[in-house]
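K.L.:
Got a structure here, written out as structure tokens. Questions coming.
Read-outs throughout are calculated quantities, based only on the coordinates presented, and are distinct from any laboratory measurement. Keep in mind the model is a prediction, meaning the values are calculated, not measured. All Cβ positions, even for glycine, are placed from backbone atoms using ideal geometry, and neighbour counts span all protein chains on display.
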Ligand code: B16
Ligand code: MG
């Protein structure tokens, strides 16, 4: 029986990827002399801040050019810029259908937790007016491994005091689906089914997410 839902944030509840991209593109250009493109951006989804910087440096063939201290400075600068961009977020930035879906889950008393790699997640939920929907938020700083490792989604279920088999995980990134599956939870992909082909159930976009369809597929 399904007892709880573990949510990714970026790409599932709201689209912060465009702000991450804007912030990284600026730092990459201004400080690293690297011009990134949308295909690099795809690789940054669900990936931690420092891992994102390392992907960009590798893309620009500059992976050996900076010390850890310098990298920390770039990452902090990117985050300052990103935080300024997300400070204007409001409930209007919730992806289509997700507020209704969260309301439906709340009405049926499901546990809800957040499994986002973002250290800014509490701030984003506050801007969206969704803080009270989530019983627990996994602290990404407490993790030894990022997605695709199962740790983050396993913690998301554990914080709700439910077994992995009683949890449904929702994700828009392939690495996230791998994390959910590795944790032994029911995986729901949101996005291109060709990319998210390992998901137990897939919806093309958030507007199509349906609790009835998830329950039916879970019971199968
Ligand atoms: P921060 P998610 C992830 O969020 C983003 O997809 C990823 O692009 C970002 O680098 C990561 O959070 C860390 O974010 O710099 O705010 O700590 O998809 O796991 O909700
Ligand atoms: Mg995501």
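K.L.:
Rounded, prolate or oblate: which fits region 164-220 when a ≥ b ≥ c are the square roots of the eigenvalues of the alpha-carbon gyration tensor, with rounded for a/c under 1.5 and prolate only if a/b beats b/c?
P.N.:
oblate
K.L.:
While we're here: So what are region 1-153's ellipsoid semi-axes, whole angstrom, largest first, if each one is the square root of 5 times an eigenvalue of the alpha-carbon gyration tensor?
P.N.:
31, 17, 13
K.L.:
Hey, with R₀ at 45 Å, roughly what FRET efficiency would residue 73 and residue 109 work out to, going by the Cβ-Cβ distance, to 0.05?
P.N.:
0.45
K.L.:
Quick one: 166, 69, fewest Cβ neighbours within 10 Å first, how do they rank?
P.N.:
69, 166
K.L.:
Now for a different question. Which of rounded, prolate, oblate describes region 79-220, given a ≥ b ≥ c as roots of the alpha-carbon gyration tensor eigenvalues and a/c under 1.5 marking rounded, otherwise prolate only if a/b is larger than b/c?
P.N.:
rounded
K.L.:
Between region 1-77 and region 176-220, what is the separation of their alpha carbon centroids in Å?
P.N.:
25 Å
K.L.:
Determine, for 66, 153, the number of other Cβ atoms within 10 Å of each Cβ, and report the residues in order from fewest to most.
P.N.:
Lowest to highest Cβ neighbour count: 66, 153.
K.L.:
How far is helix 68-86 tilted off the main Cα axis of the chain, in degrees rounded to 10, range 0 to 90?
P.N.:
For helix 68-86, the angle is close to 60 degrees.
K.L.:
In what sequence do 49, 18 fall when counting other Cβ within 10 Å, fewest first? Don't skip to the end; give the middle numbers.
P.N.:
Numbers: 49 22, 18 11.
Ascending number of Cβ neighbours within 10 Å: 18, 49.
K.L.:
Please tell me the relative contact order of region 11-112 in percent, rounded to the nearest whole number, where contacts are Cα pairs under 8 Å and at least six residues apart.
P.N.:
On the way: 59 pairs, mean separation 38.9, N = 102.
For region 11-112, the relative contact order is 38 percent.
K.L.:
Next up: Is it possible to state the helix-based mean residue ellipticity at 222 nm for the chain, with each DSSP H run of 4+ residues giving -39500 (n - 2.57), the sum divided by total residues, to the nearest 500 deg cm²/dmol? What is it?
P.N.:
-12500 deg cm²/dmol
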